[in-house]
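Derivation of every value follows stated rules applied to the coordinates shown; laboratory data play no part. Remember, it's a predicted structure, so these values are computed and weren't measured experimentally. Quick reminder, even Gly has a Cβ in these numbers, built from the backbone with ideal geometry, and neighbours come from all protein chains shown.
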Ligand SMILES: [Zn+2]
Ligand SMILES: [Zn+2]
């Protein structure tokens, strides 16, 4: 199959790679119908995130059709259309039972790298380096989804790929940012950075009842989109710094 593979800093190639197979009885195999490129993929491309290996398949925002199902997976069947959230969760460990999915204690088979880099282990993530398990990602024709009876979301008929795809990462990321603010009807919410996650945070803040939302960025097209969504725009006079420690 074809897949986008990392070969080094600034070197991403469309390679022929081996198709994935079921490895565990709760796995499924997904045939991709849509995938997205995330700002986080740029951190792999520019070498900001370490522990990448040549040939690693990228992509953690994807959806598609289930084409093979492990025998113990009772939640999915061949033919289901699903969006796959990027966090791999077992659903059974102490952190999963508390709803702390991003720190599932079982889905990252080599947490020692994450402990070195972040100071704590994380869950396994698709296509996001050997810090997070080295799982092949979804910028490929097929992907293996471990613990697939926990997090994939079945998409109802009548909903297009474009309407559902962003449930895998950026919409819930923006939603959770707004939700964590405990927005009250009199609140004025300022959102710094109006890329895709910022746009979803703006929409989420308005859905959660913010009195006003002020969008801050230095890219006119982003501010125009934020205004279309109902935000008031405000251009930051500072040059915004990229996400990077010095
Ligand atoms: Zn992402
Ligand atoms: Zn878990």
Report task. Working from Cα positions, state the angle (0 to 90°, nearest 10) between the long axis of helix 196-207 and the longest principal axis of the chain. Result -> 60
Report summary line: The percentage of Cα-Cα pairs in the stretch 177-228 separated by more than 17 Å is 25
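Please compute the Kirkwood hydrodynamic radius of the stretch 19-107 from all pairs of different C-alpha atoms, in Å with one decimal. Can you show the working numbers first?
Numbers: mean 1/r = 0.0669 Å⁻¹.
It works out to 14.9 Å.
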Query raised in the report: Kirkwood Rh, the stretch 57-145, all Cα pairs: how many Å?
Result: 13.7
Report task. With the Cα gyration tensor of the stretch 82-227 in hand, convert its eigenvalues to equivalent ellipsoid semi-axes via √(5λ) and list them largest first in whole Å. Result -> 30, 19, 16
Query raised in the report: Per the helix-only calculation at 222 nm, which mean residue ellipticity applies to the chain, given -39500 (n - 2.57) for every DSSP H run of n ≥ 4 and division by its residues, nearest 500 deg cm²/dmol?
Result: -6000 deg cm²/dmol
Report task. Order these peptides, 41-51, 117-127, by their mean beta-carbon neighbour count within 10 angstrom, highest first. Result -> 117-127, 41-51
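For the stretch 2-168, take N as its residue count and report Rg(C-alpha) divided by 2.2 N^0.38 Å.
Details: Rg = 15.1 Å, N = 167, 2.2 N^0.38 = 15.4 Å.
Normalised Rg, Cα atoms only: 0.98.
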